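Notes follow the structure.
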Amino acid sequence: MTTTVTHNGHDTTPARVLFVAFELSEKTWKLGFTTGHGQKPRERSFAAGHQARLLQEVAQAKRRFGLPETAPVVSCYEAGREGFWLHRFLEAQGITNSVVDSSSIEVNRRKRRAKSDGLDVRKLLSMLMRFHQGERDVWRVVHVPSVEAEDQRHLHRALETLKQERASTTARIKGLLSSQGLRLTTLNKLPEQLDVLRLWDGAPLPRGLRQRLLRVYAHHQFLSEQIAAVEAERRALLETSQEASIEKIRQLMHLRGIGINGSWLLVMDFWLA
């Protein structure tokens with residue numbers, strides 16, 4: 001029960017809040033609505049990414065719970081494939097949203113956990129209300145970067161991904177050769193090296209294996225070209241950009257033991273956070 005308190009003739013009754021929890025998947029969004037503990041949540045599902053339907057469900061939930069159209073809305077969803085665009089959309093609609101680090105959500109280790117969307121939505125709703133009431137330790141909220149800061153992270157993350165993919169092609173080539181008892185210390189001029197490699201009995205590489213190795217090597221070379229292009233773009237930014245973040249990277253690179261990769265990561269992932 002909410003107690004009304006007046007001060008200087010003004011009603012200071014706290015406004016009732018609509019709490020919304022999202023359970024997001026690739027094809028479907030499931031939403032849970034409630035206005036407080038002890039109230040059975042209203043649950044609705046619809047196609048993922050349907051913004052108009054989302055706002056419609058929020059409006060219908062307000063009517064269902066007898067809330068005015070201006071009632072505040074507080075929501076949450078777990079950080080994942082949707083990234084931060086949904087958070088920005090919700091905030092633009094006047095909804096106070098939290099993006100939650102799923103690894104920080106408390107779990108009862110002694111209790112068997114039922115894996116269902118409904119339970120997850122109800123659990124998130126309960127924790128959202130506790131968080132709203134001041135229990136800040138129920139989970140960890142992810143910092144949402146600005147659109148500009150998020151965009152600046154793509155360059156070094158793309159470079160990291162390309163290097164990981166190239167390393168996987170190197171491992172695949174070496175693994176295929178190892179299956180035949182063969183070793184190479186370098187992949188330079190691999191097609192020419194395949195011509196002289198011989199199996200245990202002196203026979204040349206079988207055609208199928210050779211073709212597969214050449215296909216993987218072509219992918220390896222393509223990735224190397226992409227890496228070179230991204231690194232060239234990064235060098236050009238260091239030489240010409242006047243942005244504050246790039247200047248910070250230049251300053252860090254003057255310190256002993258910090259190179260371009262470490263400086264870029266520190267600034268783009270932490271300083272701009």
Within the range 127-167, track down each residue that is farther than 16 Å from I105 by Cα, outside any loop (DSSP other than H, G, I, E, B) and touching a residue at least 60 places away in the same chain (Cβ under 8 Å).
-> A149, E150, Q152, L155, H156, A158, L159, L162, K163, R166
Hey, among R140, R122, R136, R157, which residue is closer than 14 Å to A21 by Cβ and basic (K, R)?
-> R122
Is there a residue in the range 31-41 that is within 21 Å of the chain's Cα centre (by Cα), within 21 Å of V141 (Cβ to Cβ), modelled with pLDDT of 95 or more and among the aliphatic types (A, V, I, L, M)?
-> yes
When residues of the range 174-207 are filtered for being among the polar types (S, T, N, Q), touching a residue at least 24 places away in the same chain (Cβ under 8 Å) and within 16 Å of H220 (Cα to Cα), how many remain?
-> 0
So, of the residues in the range 241-257 that are small (G, A, S) and within 13 Å of A149 (Cβ to Cβ), which turns out to be surrounded by the most Cβ atoms within 10 Å (Cβ to Cβ)?
-> S245
Residue check for V17: hydrophobic (A, V, I, L, M, F, W, C), surrounded by 13 or more Cβ atoms within 10 Å (Cβ to Cβ), in contact with a Pro (Cβ under 6 Å, 6 or more places away or on another chain) and at pLDDT 95 or above = yes
Looking only at the range 208-248, count how many residues are among the aliphatic types (A, V, I, L, M), in contact with a Lys or Arg (Cβ under 8 Å, 6 or more places away or on another chain) and in contact (Cβ under 8 Å) with a residue 24 or more places away in the chain.
-> 3
Single residue of the range 219-263 satisfying the filter (of a type in the set (A, V, I, L, M) and not in a helix (DSSP H, G or I)) that is nearest to the chain's Cα centre (by Cα) | I258
Only unsatisfied item for W264, checking (1) surrounded by 11 or more Cβ atoms within 10 Å (Cβ to Cβ); (2) modelled with pLDDT of 95 or more, is (2)
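The values are calculated or read from the model by the stated rules, or taken from the named source; none is laboratory data. Model, not experiment: these values are computed from the prediction. Glycine also receives a Cβ, built like all others from the backbone with ideal geometry; neighbour counts cover every protein chain displayed.
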